[in-house]
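Coordinate-derived values only; no laboratory data. Because the structure is predicted, anything quoted here is derived from the model rather than measured.
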Amino acid sequence: MLAPVSVHADYFRQGIGTAMLTMEIEKVREPGYKGITVEGNYNFYNKVGFRTSSEYNIFPTSGYPMKEPRCMMCQETYKGSLEGIRGYIVYDMYFNA
């Protein structure tokens with residue numbers, strides 16, 4: 001999972017968040033990962049190619065309810081890389097911290 005991108009409000013709409021995210025996506029592609037998951041503002045992440053994770057049959061675990069399901073998103077690192085992959089993102093790390 002890619003950590004959320006955060007930009008101070010004074011610097012919104014200057015392309016900083018998109019530039020940071022684009023650089024991180026390229027770093028993930030280098031070692032050959034199949035996909036990336038993120039949680040956050042779907043309006044922002046959709047602009048750089050992320051889609052709601054349920055479109056890939058990837059869901060949050062049932063023990064961790066999401067108030068807005070569009071906030072969990074995925075992106076293939078290459079065309080078709082998430083085909084046939086399905087399952088749940090496990091949030092145990094939040095409960096065992």
Alpha carbon centroid spacing (whole Å) that separates region 7-23 from region 25-56: 16
Reachable aspartates and glutamates, given that their alpha-carbon falls under 20 Å from the alpha-carbon of K79 and they are not under 8 places away in the same chain: E24, E26, E30, E55
